[in-house]
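Worksheet for the structure shown next.
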Amino acid sequence: MSGLARRQLTLDNSVAAELAGSEDAVLRALRGHLGCDLHLRGNVLTLDGESDDVQTAATVVDEMVELIEQGHEVAPGTIEAVTGALDA
């Protein structure tokens with residue numbers, strides 16, 4: 001049993017906006033792929049859930065942030081690619 005955890009990530013405003021996506025599409029897709037709750041308020045992303053799930057989610061978010069900062073456009077399909085690569 002890993003126990004419950006909460007992690008808050010403070011993002012650059014432009015990264016937070018890109019991560020939310022159009023009408024929160026990217027955020028909804030993230031929720032569907034990760035085993036924890038995600039809440040974006042302003043530029044703070046909060047991850048709640050089992051410790052292992054929160055750690056995995058933080059890794060996925062870090063990868064997504066890196067892609068955004070490199071100028072890549074993020075879409076719901078991007079999340080599948082990132083989570084698939086991490087699973088492999």
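All of the numbers you see were taken from the coordinates with simple rules; none came from a lab. Predicted model only: the values in this text are computed from it and were never measured. Because the Cβ atoms are built from the backbone with ideal geometry, glycine has one as well, and the counts that use them run over all protein chains shown.
Taking the range 16-39 as the range and being hydrophobic (A, V, I, L, M, F, W, C), within 24 Å of Asp87 (Cβ to Cβ) and in contact (Cβ under 8 Å) with a residue 24 or more places away in the chain as the test, the residues that pass are Leu19, Ala25, Val26, Ala29, Leu30, Leu34. Can you pull out every residue in the range 77-88 that is surrounded by fewer than 16 Cβ atoms within 10 Å (Cβ to Cβ) and in a helix (DSSP H, G or I)? Listed by number, the residues that qualify are Gly77, Glu80, Ala81, Gly84, Ala85, Leu86, Asp87.
Are any residues in the range 61-73 surrounded by fewer than 19 Cβ atoms within 10 Å (Cβ to Cβ), under 12 Å from Leu45 (Cβ atoms) and of a type in the set (A, V, I, L, M), and if so, which ones? Break it down into steps so the answer makes sense when it comes.
Within the range 61-73, the subset surrounded by fewer than 19 Cβ atoms within 10 Å (Cβ to Cβ) is 62-63, 66-67, 69-73.
With the extra rule that they be under 12 Å from Leu45 (Cβ atoms), the set shrinks to 62.
Within the range 61-73, no residue meets the criteria.
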